[in-house]
1. Looking at the structure I just gave you, is residue 9 without any contact (Cβ under 8 Å) to a residue 12 or more places away in the chain and assigned to a helix (DSSP H, G or I)?
2. Quick check: anything in the stretch 82-98 among the polar types (S, T, N, Q), in contact with a strand residue (DSSP E or B) (Cβ under 6 Å, 6 or more places away or on another chain) and either outside any helix (DSSP H, G or I) or open to solvent by less than 20 Å² (accessible area, probe 1.4 Å) (or both)?
3. Count, please, the residues in the stretch 23-60 that happen to be within 20 Å of residue 129 (Cα to Cα), open to solvent by 60 Å² or more (accessible area, probe 1.4 Å) and either free of Cβ contacts under 8 Å to residues at least 60 places away in the same chain or in a helix (DSSP H, G or I) (or both).
4. Restricting attention to the stretch 101-120, does a residue exist that is without any contact (Cβ under 8 Å) to a residue 60 or more places away in the chain, among the acidic types (Asp, Glu), over 16 Å from residue 4 (Cα atoms) and surrounded by 15 or more Cβ atoms within 10 Å (Cβ to Cβ)?
5. For residue 117, work out the one condition from (1) more than 21 Å from the chain's Cα centre (by Cα); (2) among the β-branched types (Val, Ile, Thr); (3) closer than 30 Å to residue 50 by Cα it doesn't fulfil.
Amino acid sequence: MPASILFAVLAAGQSALVCWCILRYRRTGDRMLIVPAVVCAALVYDNAILAAGRWIGAGDALETLSVLRFVAHLVLTPLLMPWARAAAGLAGVAWVRQAWVRAVVCAATLGVILLGVFGELTRLTLRPAEWAGAVRYTTEHASPAGVLSPVVTVVVVLVAAAAVWRVRGYRLWTVTTVTMTAVSAAMPPMLLTNCAELVFAWGVVATAVWLSGAGRVTAPAVMSES
């Protein structure tokens, strides 16, 4: 089976997560569903371009469409850091509500976005590549700026998820984030990494849905850590 078909399946999976967020938002009006929906929509685009590459073919059109893939990853994905901090706070993790934690997470988010924009996007050079029948554009060389953004994001999300597990016994978010971390560390082919992204995104969306219902703590003092 050509990899392009599998990328299309992943795009469909991410689309289902976006729809889940939208349907839940229409029912609850919970704004915590917005960031997961935006990040999943970016991953829909990412996988859709990878799926369509073999039919679009290498050239200016695919290269231009591919640039937006890198923009989405470097600019939108870090938004999961302040979202994760807020999610942990709503779940009852007391220490993430402290001012210094907010400041550190906001600084980390802004820092990796700026590093991604000025360290990666402003000097982005793409080249066509083919793998298992899929045609895509990739960077000419690995950049620390491009690597740091997802690493820092996943670390912050993992800390928040583990804190929620400790305080509330909610494991899904941690398990899916650890899965993403382990797969990324192994540096497998992009298809497997994108599969792990789907698992990770599912954990984020499921957590947002959980928080829009029974997972949210209305009285902060109830779940404070001692």
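1. yes
2. no
3. Matching residues across the stretch 23-60 total 5.
4. yes
5. (1)
The values are calculated or read from the model by the stated rules, or taken from the named source; none is laboratory data. Keep in mind that what you see is a predicted model, and the values were worked out from it rather than measured. Using ideal geometry, Cβ is built from the backbone for each residue, glycine included, and neighbour counts are taken over all protein chains shown. Please note that ligands, DNA and RNA were not included when accessible areas were found on the heavy atoms of the full protein model with its side chains. Shrake-Rupley method; radii C 1.70, N 1.55, O 1.52, S 1.80 Å.
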